[in-house]
Amino acid sequence: MTPPSLPESKLKNKAVMPSDNASEKKVSSALWGVASMTGLGTVAILVPHLVSESIAVGASSVVALMLFGAAGVTWHLFKKTRTESKQEILLREAFHSVLTPQLITDEKGNLVLANRAFRGWIDLGSKTAEAALSSRFSATPAVTAEFNQVRASLQKGHAGIAELPVVRGGKIIEWRRIVSRPIEGFSTYFHWRFEDISERRRMEKAMHDEQSKLIDFMAHAPVGIYSVDQHGLFRFVNKTLAEWLQVTPEDLVKGDVRLHDVFREAPKGVAAHAIVAGAQGDSRGETVMRRRNGTLFPVAITQTVVMGEDGKTLRTRSIVRDQSPEREWQQALSVSEHRFQRLFAEAPIGILLVDSKYTVMECNHAFHGIIRRPRGGIVGTGMADLIAPPDRKQMMAKLADVLGGKDQTKPIEVKMVSDREVIAQVFVKRFGLAVKEGATGDENGLMLYFIDATDQKQLQAQFAQSQKMQAIGQLAGGIAHDFNNLLTAMIGFCDLLLQRHKPGDQSFNDIMQIKQNGNRAANLVRQLLAFSRQQTLQPKVLSLADVLSELSNLMRRLIGAQVRLEMVQGRDVGLIKVDQGQLEQVIINLVVNARDAMPSGGTVTVRTRNHKQETHVMRGQDDMPPGHYVIIEVSDTGIGIPPENIQRIFEPFFSTKEIGSGTGLGLSTVYGIVRQTGGFIAVDSVVGKGTTLNIYLPVYDEADGPAELAKAEESSRGEDRPGPDLTGAGTILLVEDEDAVRVFSCRALRNKGYNVLEARSGEEAIEVLGKEGDKVDLIVSDVVMPQMDGPTMYKHVRQQWPKIKVIFVSGYTEDRLREQFTSGETIYFLPKPFTLKQLAGKVKDVMEGV
């Protein structure tokens, strides 16, 4: 392809430096050649513009153009400095944007120009380009030799092409097709292109494997198979027939043995390829073949003669059946039929044979299992009737394409008509049907392979739901953390106001309303934290029977007179380690939900029992491992949950109740508490009959009892204390980036008699300690702060002031905080939001060593 010319109108009024026409043509041709070899046909049209609108350059300028973009390479080949034109920039950028690795080298193998794809593919380091490539293509001596052959071809001025593997760690990681050629007009510069052909090689290997299977099948078929040409020379013989003749297939195919040579007597007046006289097309006959050792055996031969396109050459497709003796022949036939029937009938995937009118001719047992229909309800049925209506049109169009000769590249995913939801991946292959007597032309059919993908799709949906719940949980946890800071300040300042406005004051009720609504908001935040599994738990070893006994009266009051509550306690139910308050909330939420599902009354049943899980099992979207569990079952006789809502009932703010009847956080809170406790939850519901929710909690191992109990007691939060004296003395450093929380906390602690130093960040706290460190008795610090967070600050403090105690405050869980400490440090924790009394009480406990 030659570069297009620029119209004369484009050449007017251009500042062109003196040059000779030969130089311009040489530059144009070289750049055109590079652009063409790199696949930049569109950009190549700019080459004449470049020549006409810039300075005329010689061969050295072309090399300089090639060097654009090469890191560390300068314009040293230019005899004269000039400005890079738009066309040169466009050509260079287009060359670099090609996704296939490409480069240009000189005759010594040095890099002249490499695009970005090449630099991302291989790191040259200090090596020359060809040395780096030689190292890359050196998996075996044969690979090295073939690459060297490409290099040798270039040196001789010829193009070189090779397909070579790239090996890493003893394994082939990819295949590359190397195309290299000298640049036209610049024979000492070579263009290289490295195409990724890994997928093609994989496909070729898969095809080769399939062909090998077919060849193996043909070779070991229970009948003899051969093909001869018009001269009677063998062109193909399977292993079975060769063994019958006591030779190898190569002896017959590569030798000069003819068909009639293996017969006991050569038939007279018969063509060299024929078995009976006067036969044209299909023929059948019986004869006797001779083995190498001279023994004979009778055979029946069925043969088809296929003429070549030239009308002169031919070949046969011949099947040989051994007929000696009759009993053995019948037994062999029975075994053969049984073998092929098993291959079809007992295949692990569903198989359908469909004729050209898309009517099912045959099906195997696996397909019965997929679609759950008897054979009589499948064979003779139109293919369209087996496909669900939404997918029927697409499926039939694909079948028509394959029947028309198009290859199927991807499986077709369809829903089947069945008594259950069935999703299948379908592979379709065309095959020739036996032509019926009296029919004209060839008739094709389809073989459909069905893989049941229902479970896989369900797992994918469960995984997607799990990811969705996790994302919502992270979002809810982050929102809850921010709200906890706001609520801490709101409730705290209310406590400060209440110290000045006692009962009877006209502002007292207003302040109490603000505080009560703040506490309600705090409860909502705790529910969000429960869903996101980031709330602070106080686990204790409990007997489930005791918890339910204490809750029974409360639950009866909650469900009302119209609903009957039944409690069925299992025998010897194991102990569990949970937060008692959170467990009670879970049970109450489930019972209240059951009540709301029975507006006309009904029965709520709460059962407990032990359960031993032998293997992994999916509970909702969670994988429950084997082990011993205690089951809490809450069932109702209500309206049930529609199938489309089952997957959403644990999402926060999802509710089917009327607006104002609920927050949509009840079941999401249940889910969060159960999962944070280490348990699992499963739902079973039938519309119109009721719903059953099973909670699986791991049985507590009493061998770990004392240590776990002690740890749980240490991590308990500082609740309001019965003693009135929360005053104290000492110096406290308060580190908090939220201004409102810091102001409230400082005032609260100063009111209790403490000397309080303030810091807005971890860095500022380190500076304060540098001046007042010897006076500080206690640090109260937020956990999450910009730049230096609380735990990082604490590690700095321990190095210089190891005796200073630290209380961390956070809207996240204590467990999340403790994950950052692995050296056995004594950590004190106060969750947000906290009241003035809780803050003062926790500080006094730590200061006094309680």
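Describe numerically, in nm with one decimal, the distance between label points set 7 Å from Cα along Cα→Cβ at A347 and at A332.
Those two pseudo-labels are separated by 2.7 nm.
Quick one: if the Förster radius is 45 Å, what FRET efficiency do T128 and T313 give, using the C-beta to C-beta distance and rounding to 0.05?
Rounded to the nearest 0.05, the efficiency is 0.25.
Given a cut-off of 30 Å, name the pairs among K357/K415; K415/K612; K502/K540; K577/K832 whose C-alpha atoms lie farther apart than that in the structure shown.
K415/K612; K502/K540
Determine the distance separating the Cα centre of the stretch 363-381 from the Cα centre of the stretch 666-690; give it in Å without decimals.
Computed from Cα coordinates, the inter-centre distance equals 38 Å.
With an 8 Å cut-off on Cα pairs and a minimum separation of 6 or more residues, tell me the relative contact order of the stretch 181-330 in percent.
Once normalised by length, the contact order is 18 percent.
Any idea how far apart R557 and H796 come out in nm if each label point goes 7 Å out from Cα toward Cβ?
In this crude spin-label approximation the distance works out to 5.3 nm.
Suppose the chain between D572 and V417 were pulled fully straight at 0.36 nm per residue; how much longer would it get relative to their current alpha carbon spacing?
51.0 nm
From the alpha carbon gyration tensor of the stretch 282-391, can you work out the equivalent ellipsoid semi-axes (sqrt of 5 times each eigenvalue) and give them in Å, largest to smallest?
The three semi-axes for the stretch 282-391 are 40, 23, 10 Å.
Sticking with the crude label model, points 7 Å out along Cα→Cβ, report the distance from S543 to R339 in nm, one decimal please.
7.1 nm
If packing is taken as the average count of other Cβ atoms within 10 Å, what order do 671-684, 638-651 fall into, highest mean first?
Details: 671-684: 21.5, 638-651: 16.4.
Ranked by mean Cβ neighbours within 10 Å, highest first: 671-684, 638-651.
How high is the FRET efficiency from A461 to H611, r the C-beta distance, R0 25 Å, rounded to 0.05?
0.45
Between the alpha-carbon centers of the stretch 756-805 and the stretch 188-232, tell me the distance in whole angstrom.
73 Å
Of the peptides 506-512, 448-454, how do they stack up when ordered by the mean number of other Cβ atoms within 10 Å, highest first?
Output ranking for 506-512, 448-454: 448-454, 506-512.
Assign one of three labels to the stretch 106-169, namely rounded, prolate or oblate, based on the Cα gyration tensor with a ≥ b ≥ c the square roots of its eigenvalues; rounded applies when a/c is under 1.5, prolate when it is not and a/b is larger than b/c, and oblate otherwise. Show your work: numbers first, answer last.
Values: a/c = 1.74, a/b = 1.05, b/c = 1.66.
Cα axes put the stretch 106-169 in the oblate bin.
Once fully extended, how much extra length lies between N751 and T295, figured as 0.36 nm per residue of separation less the alpha-carbon to alpha-carbon distance? Show your work: numbers first, answer last.
On the way: separation 456, 0.36 × 456 = 164.16 nm, distance 11.78 nm.
Between N751 and T295, full extension yields an extra 152.4 nm.
So between I161 and Q149, what do we pick up on full extension, going 0.36 nm a residue minus the alpha carbon distance?
Difference between extended and current length: 3.4 nm.
Hey, got the dipole for the stretch 281-394? About the Cα centre, +1 on K and R Cβ, -1 on D and E Cβ, debye to the nearest 20?
That gives a dipole near 180 debye.
At a Förster distance of 45 Å, what's the computed FRET efficiency of R375 paired with D623, Cβ-Cβ distance as r, to 0.05? Walk me through the numbers on the way to the answer.
Details: r = 38 Å, r/R0 = 0.83.
Efficiency for this residue pair is about 0.75.
Could you pull out every one of the aspartates and glutamates with an alpha carbon less than 16 Å from that of K795, ignoring same-chain neighbours closer than 8 positions?
Excluding near neighbours in sequence, the set is E763, E764, E767, D782, E819, E825.
No lab work stands behind these numbers, since they all come straight from the coordinates. Values in this document were obtained by computation on a predicted structure and should not be read as measured data. Glycine also receives a Cβ, built like all others from the backbone with ideal geometry; neighbour counts cover every protein chain displayed.
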